[in-house]
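Written below as structure tokens is the structure these notes are about.
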Amino acid sequence: MAQERGNAMMCMTVMLFLLLSMKTSFATTFMVGDASGWDFGVNSWPNGKSFKAGDVLEFTYNRAIHDVMVVDKEAYEACERPISAPRFETGDDLITLKKGDNYFICSFPGHCEGGLKIAVNAA
């Protein structure tokens, strides 16, 4: 009887470990712009990368000169800064991707127009 309880505990421990490791292995954190961070010239950074819904983008930047806004396609293409769009300004922001297209711009004047924006599609 004690051996059966020991086997059951071992089985439950292994199953719990597998369950916890599976949950954490689904999401990946990507540092936007790699070592350069969120700065000019980053607009081609997503090219060749595969993203999934639930993955996290880490935006690191100098908060005195940049921010990050989550916008829709129209605002992204026109470099508009909608008042109601979520704005991040800590200098180290973690943003979880939703399924489909995700658009990000810097709302400082002229920055989006200068290429400080990215579009990411998450499967």
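The values are calculated or read from the model by the stated rules, or taken from the named source; none is laboratory data. Just so it is clear, the model here is predicted, and its values are computed rather than measured. Glycine gets a Cβ as well: all are built from the backbone with ideal geometry, and neighbour counts include every protein chain shown.
If you scan the stretch 72-94, which residues turn out to be surrounded by 15 or more Cβ atoms within 10 Å (Cβ to Cβ), touching a strand residue (DSSP E or B) at 6+ places or on another chain (Cβ under 6 Å) and under 19 Å from PHE30 (Cβ atoms)?
Listed by number, the residues that qualify are TYR76, PHE88, ASP93.
Restricting to the stretch 95-118, count the residues that are surrounded by 16 or more Cβ atoms within 10 Å (Cβ to Cβ) and free of Cβ contacts under 8 Å to residues at least 24 places away in the same chain. Don't jump to the end; show me each part of the working.
Restricting attention to the stretch 95-118, the residues satisfying the condition of being surrounded by 16 or more Cβ atoms within 10 Å (Cβ to Cβ) are 95, 97, 102-107, 111-112, 116-118.
Of the ones still in play, those that are also free of Cβ contacts under 8 Å to residues at least 24 places away in the same chain are none.
Total meeting the criteria: 0.
Name the residue, out of ARG81, ARG63, that is out of contact with any Asp or Glu (no Cβ under 9 Å at 6 or more places or on another chain) and either of a type in the set (Lys, Arg) or assigned to a strand (DSSP E or B) (or both). If you could, list the steps in order and put the result at the bottom.
Values: ARG63 fails: out of contact with any Asp or Glu (no Cβ under 9 Å at 6 or more places or on another chain).
Only one candidate qualifies: ARG81.
Can you tell me which residue is farthest from ASN47 (Cα to Cα) among those in the stretch 84-107 that are among the hydrophobic types (A, V, I, L, M, F, W, C) and not in a strand (DSSP E or B)? Reasoning before the result, please.
Here is the first cut: in the stretch 84-107, the residues among the hydrophobic types (A, V, I, L, M, F, W, C) are 85, 88, 94-95, 97, 104-106.
Still in the list and also not in a strand (DSSP E or B): 85, 97, 106.
Numbers: ALA85: 25, LEU97: 16, CYS106: 19 Å.
Checked the stretch 84-107; the qualifying residue farthest from ASN47 (Cα to Cα) is ALA85.
Which ones in the stretch 57-71 are of a type in the set (Val, Ile, Thr) and surrounded by fewer than 14 Cβ atoms within 10 Å (Cβ to Cβ)? It would help to see each step written out before you state the result.
Taking the stretch 57-71 as the starting set, the residues that turn out to be of a type in the set (Val, Ile, Thr) are 60, 65, 68, 70-71.
Across the stretch 57-71, the qualifying residue is only ILE65.
Considering only the stretch 35-60, state which residues are assigned to a loop (DSSP other than H, G, I, E, B) and at negative phi.
Of the stretch 35-60, the ones assigned to a loop (DSSP other than H, G, I, E, B) are 37-41, 45-50, 52-55.
Passing the criteria: TRP38, ASP39, PHE40, TRP45, PRO46, ASN47, LYS49, SER50, LYS52, ALA53, ASP55.
Scan the stretch 6-28 and give yes if some residue there is under 14 Å from the mean Cα position of the chain (by Cα) and modelled with pLDDT of 95 or more, otherwise no. Break it down stepwise before answering.
Of the stretch 6-28, the ones under 14 Å from the mean Cα position of the chain (by Cα) are 26-28.
Okay, now just the ones that are also modelled with pLDDT of 95 or more, so 28.
The answer is yes, given that some residue of the stretch 6-28 is under 14 Å from the mean Cα position of the chain (by Cα) and modelled with pLDDT of 95 or more.
If I go through the stretch 25-74 residue by residue, how many of them are of a type in the set (Ser, Thr, Tyr) and over 16 Å from ASP92 (Cα atoms)?
Let us first name the residues in the stretch 25-74 that are of a type in the set (Ser, Thr, Tyr), namely 25, 28-29, 36, 44, 50, 60-61.
Remaining after also requiring over 16 Å from ASP92 (Cα atoms): 25, 28, 44, 50.
Residues that pass the stated criteria total 4.
Would you tally the residues in the stretch 60-88 being closer than 14 Å to GLY37 by Cα and more than 14 Å from the chain's Cα centre (by Cα)? Lay out the reasoning, then the answer.
Narrowing the stretch 60-88 to residues closer than 14 Å to GLY37 by Cα: 60-63, 65-68.
Imposing the further condition that a residue be more than 14 Å from the chain's Cα centre (by Cα) reduces the set to 61-63, 65-67.
Qualifying residue count for the region: 6.
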